[in-house]
1. When you check residue 15 against the structure, is it in contact (Cβ under 8 Å) with a residue 40 or more places away in the chain, over 13 Å from residue 65 (Cα atoms), within 13 Å of the ligand (Cβ to nearest atom) and in contact with a helix residue (DSSP H, G or I) (Cβ under 8 Å, 6 or more places away or on another chain), yes or no?
2. Please tell me if residue 233 is closer than 28 Å to residue 22 by Cβ, at pLDDT 95 or above and out of contact with any helix residue (DSSP H, G or I) (no Cβ under 8 Å at 6 or more places or on another chain).
3. If you go through region 18-52 one residue at a time, how many are assigned to a loop (DSSP other than H, G, I, E, B), within 12 Å of the ligand (Cβ to nearest atom), under 19 Å from the mean Cα position of the chain (by Cα) and free of Cβ contacts under 8 Å to residues at least 60 places away in the same chain?
4. Being closer than 25 Å to residue 183 by Cβ and touching a strand residue (DSSP E or B) at 6+ places or on another chain (Cβ under 6 Å), is that true of even one residue in region 115-130?
5. In region 157-189, what residues are within 14 Å of the ligand (Cβ to nearest atom) and either surrounded by fewer than 18 Cβ atoms within 10 Å (Cβ to Cβ) or without any contact (Cβ under 8 Å) to a residue 24 or more places away in the chain (or both)?
Ligand SMILES: Nc1ncnc2c1ncn2[C@@H]1O[C@H](COP(=O)(O)OP(=O)(O)OP(=O)(O)O)[C@@H](O)[C@H]1O
């Protein structure tokens, strides 16, 4: 496993879009391994925060450090799985080989094992773009895990999957977390949050409103805004 990227420190992060601060002074420290679930209403800033962490967006203000590293220097130890997977116009197997060329050369069997772990071994030579949405998502996760990232980011990666695929992805993510990968995932699914989270970060209005251990968050959230969200009350 690569070096730890902990603690992750985010200080006063601001991102302006148009005339609006869509990230409005995010302060967050993530110290522990395990799974951090980010929750919050639509538009709270969850995706933008994850994209900043992964170096896809440059914030207008503020700092992010991961262990002793900057975002840019930690990029090769990170992997991100998006809600809509981005795959190459190549076969399923080639999508993996392209992402981890060293492994593909030295130990191609690992690629097949990775496909097997997401129940796609029999699709190895098909064009990846012919896979269904859920199958593409499983391939994207297999690809992310092959790089043995120190930090795995998932943005609503199971949002459009059937229940069996959701549980498969959850079990792979949990196993990877036990192997020492720090996992941060965005989810609106309270069931998923309860199944996976060690801690919950709750975002509201471009800020972190609450960071709590998962068992506390789901039984006794500390903030009225999180309580309203969990109760399904509309927050606009
Ligand atoms: N490129 C952009 N230009 C302008 N506004 C943007 C842009 N990208 C995001 N936003 C705005 O920033 C806010 C936060 O967006 P973000 O995608 O982070 O929300 P989210 O918490 O992930 O929401 P959801 O749960 O709906 O996915 C939203 O109001 C969104 O409209």
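1. Working: in contact (Cβ under 8 Å) with a residue 40 or more places away in the chain: yes; over 13 Å from residue 65 (Cα atoms): yes; within 13 Å of the ligand (Cβ to nearest atom): yes; in contact with a helix residue (DSSP H, G or I) (Cβ under 8 Å, 6 or more places away or on another chain): yes.
Yes: the conditions hold for residue 15.
2. Values: closer than 28 Å to residue 22 by Cβ: yes; at pLDDT 95 or above: no; out of contact with any helix residue (DSSP H, G or I) (no Cβ under 8 Å at 6 or more places or on another chain): yes.
For residue 233, the condition - closer than 28 Å to residue 22 by Cβ, at pLDDT 95 or above and out of contact with any helix residue (DSSP H, G or I) (no Cβ under 8 Å at 6 or more places or on another chain) - is not met.
3. The initial filter retains those residues of region 18-52 that are assigned to a loop (DSSP other than H, G, I, E, B), namely 18-19, 31-34, 41-45.
The next check asks that each one be within 12 Å of the ligand (Cβ to nearest atom); those that pass are 18-19, 41-45.
Among the residues that remain, those that are also under 19 Å from the mean Cα position of the chain (by Cα) are: 41-45.
Keeping just the survivors that are free of Cβ contacts under 8 Å to residues at least 60 places away in the same chain gives 42-43.
Residues meeting the conditions: 2.
4. Residues of region 115-130 that are closer than 25 Å to residue 183 by Cβ, as a first pass: 115-121, 128.
Narrowing the set further to residues that are touching a strand residue (DSSP E or B) at 6+ places or on another chain (Cβ under 6 Å) leaves none.
The answer is no, given that none of the residues of region 115-130 is closer than 25 Å to residue 183 by Cβ and touching a strand residue (DSSP E or B) at 6+ places or on another chain (Cβ under 6 Å).
5. The initial filter retains those residues of region 157-189 that are within 14 Å of the ligand (Cβ to nearest atom), namely 157-160, 184-189.
The answer is 159, 160, 188, 189.
The values are calculated or read from the model by the stated rules, or taken from the named source; none is laboratory data. Because the structure is predicted, anything quoted here is derived from the model rather than measured. No Cβ is skipped: glycine too gets one built from the backbone with ideal geometry, and neighbour counts run over all protein chains shown.
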